[in-house]
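The values are calculated or read from the model by the stated rules, or taken from the named source; none is laboratory data. Just so it is clear, the model here is predicted, and its values are computed rather than measured. Neighbour counts are summed over all protein chains in view; Cβ atoms, including those assigned to glycine, are modelled from backbone coordinates with ideal geometry.
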Ligand SMILES: C[S@@+](CC[C@H](N)C(=O)[O-])C[C@H]1O[C@@H](n2cnc3c(N)ncnc32)[C@H](O)[C@@H]1O
């Protein structure tokens with residue numbers, strides 16, 4: 001059924017859908033794209049940039065995972081010469097190419113390592129990253145709970161997971177977008193606010209905050225430092 005309803009150019013993310021180009025344009029244009037965000041989902045795009053700024057506060061030697069990196073909007077937070085390892089992961093090679101193009105334009109390519117990866121099965125070690133960012137991603141994943149648990153697994157004890165998602169319990173305004181997105185194979189089941197909080201707790205995060213801006217929820221939590229002790233016996 002879903003397969004039959006997919007139109008030309010609309011396939012899944014790994015097929016470089018037209019929507020990917022439009023979405024990417026919207027997040028990279030604060031004025032015009034910001035107006036589209038406000039009108040479409042009632043959300044303030046500047047909050048995405050503000051959340052990405054946490055990347056710029058990481059000390060030299062830190063490791064940051066950006067999943068899904070998409071066109072690389074989170075690179076706005078990274079500073080030239082910051083001296084961190086920045087892994088940009090996405091399931092679509094075309095999106096990783098855009099991330100690297102953006103990294104080169106911003107003079108950041110020496111710090112950015114592109115990795116083709118599925119968020120549900122991240123090819124990284126437990127606790128490999130000090131900061132994991134996942135902007136506008138959870139609602140695109142087929143299994144968002146698994147994604148949160150995986151991102152939690154690769155977050156270092158005391159590290160941070162921060163991200164955003166188009167959530168389900170946000171009224172009828174976004175129902176058409178969410179419905180069409182699911183039919184087109186671009187959106188997954190997403191989550192409610194309560195589910196995001198539950199999954200963050202299951203993944204070992206404390207001090208979880210969830211701030212709404214229109215239909216987009218911005219979540220942030222700190223990986224419980226005692227989680228490693230429990231896992232390690
Ligand atoms: C709406 S874009 C968001 C990208 C970026 N974080 C941003 O805020 O602009 C969603 C991205 O999720 C990626 N994606 C979809 N499913 C994925 C999966 N299972 N694992 C990793 N990335 C995935 C897509 O390729 C796409 O680049």
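The table that follows gives values for the structure above.
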read-out: Residue match in region 25-34 (condition: within 27 Å of residue 175 (Cα to Cα), more than 13 Å from the ligand (Cβ to nearest atom) and either in a helix (DSSP H, G or I) or modelled with pLDDT under 90 (or both)); value: yes
read-out: Residue list for region 152-177, restricted to those being farther than 19 Å from residue 134 by Cα and surrounded by 19 or more Cβ atoms within 10 Å (Cβ to Cβ); value: 170, 174
read-out: Output for region 85-98, where each listed residue is touching a helix residue (DSSP H, G or I) at 6+ places or on another chain (Cβ under 7 Å), under 19 Å from residue 154 (Cβ atoms) and buried (at least 22 other Cβ atoms within 10 Å of the Cβ); value: 86, 88, 90
read-out: Residue in region 121-129 that is in contact with a helix residue (DSSP H, G or I) (Cβ under 8 Å, 6 or more places away or on another chain), in contact (Cβ under 8 Å) with a residue 60 or more places away in the chain and surrounded by 16 or more Cβ atoms within 10 Å (Cβ to Cβ) present; value: yes
read-out: Matching residues, region 71-90, being modelled with pLDDT of 95 or more and within 11 Å of the ligand (Cβ to nearest atom); value: 72, 73, 74, 75, 76, 88, 89, 90
read-out: Residue 68 outside any strand (DSSP E or B) and in contact (Cβ under 8 Å) with a residue 24 or more places away in the chain; value: yes
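Results for (1) modelled with pLDDT of 95 or more; (2) not in a loop (DSSP other than H, G, I, E, B), shown as yes or no for each residue.
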{"site": "145", "(1), (2)": "yes, yes"}
{"site": "150", "(1), (2)": "yes, yes"}
{"site": "159", "(1), (2)": "yes, yes"}
{"site": "171", "(1), (2)": "no, no"}
{"site": "178", "(1), (2)": "no, yes"}
{"site": "185", "(1), (2)": "no, no"}
{"site": "194", "(1), (2)": "yes, yes"}
{"site": "207", "(1), (2)": "yes, yes"}
